[in-house]
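The values are calculated or read from the model by the stated rules, or taken from the named source; none is laboratory data. From a predicted model like this one, the values you see are computed outputs, not experimental measurements. When we count neighbours, we look across all protein chains shown, and the Cβ atoms used for this are built from the backbone with ideal geometry, even at glycine. With ligands, DNA and RNA removed, areas are computed over all heavy atoms of the protein, side chains included. Shrake-Rupley method; radii C 1.70, N 1.55, O 1.52, S 1.80 Å.
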Amino acid sequence: AVADVLHEIAEKIHKRSLVVIFSDMFEDINETDRIFSAMQHLRHNLHEVLLFHVTDRRTEEEFAFDDRPYEFIDLESGERVKIQPGQVKKHYQEAVKKFYHELRLKCGQYKIDFIEADVAKGYDQILTAYLAKRNKMR
């Protein structure tokens, strides 16, 4: 429950703080307004917010699976879906692209640093690149 947790953090932290979020933000791709409302709540309370958008680009964005039957399991809900990737790839990629675009746009509107964090790159490369960029901005 990302949105609920972020609202709770916004209420419990009383002084200006740096809030760092590591998440794929995929709690419910159809109810992004709740997540954005929670992030806006953090900014409204004058917290600096960094969102490290954690993904596995190869599988989550490119949907790079062989075209054979798979059973996908939602690790959070346990829900199982049996599909052939080629049958849903285009629709899936369009939905993910729209979600990522909206996420980046909202982060920009709310002055939230949005950092792409592809797990294939490793945390040291991601953090080093972000810290170098941040250092140049100061």
Percent of beta bridges antiparallel (DSSP, the chain, rounded to nearest 5): 25 percent
Accessible-area order (highest first, 1.4 angstrom probe) of the listed residues 70, 130: 70, 130
Gain upon complete extension [residue 16, residue 82; 0.36 nm per residue less C-alpha separation]: 19.1 nm
Cut-off 12 Å between beta-carbons: net charge of the residues surrounding residue 118, Lys and Arg +1, Asp and Glu -1: -3
On Cα atoms only, tilt of 2-12 relative to the major axis of the chain in degrees: 10 degrees
Accessible area of residue 90 in the full protein assembly, 1.4 Å probe (Å², nearest 10): 140 Å²
Listed pairs 12/82; 15/98; 12/111; 97/133; 82/111; 15/106 exceeding 30 Å between Cα atoms: 12/82; 15/98; 82/111
Acute angle (nearest 10 degrees) that the helix 85-109 long axis makes with the longest principal axis of the chain, alpha-carbon atoms: 10 degrees
Structure-based [θ]222 nm, the chain - -39500 (n - 2.57) summed over DSSP H runs of at least 4, per residue, nearest 500: -15500 deg cm²/dmol
Cα Rg, Dmax (largest Cα-Cα span) when computed across segment 41-138, Å: 16.8, 50
Acute angle (nearest 10 degrees) that the helix 32-44 long axis makes with the longest principal axis of the chain, alpha-carbon atoms: 20 degrees
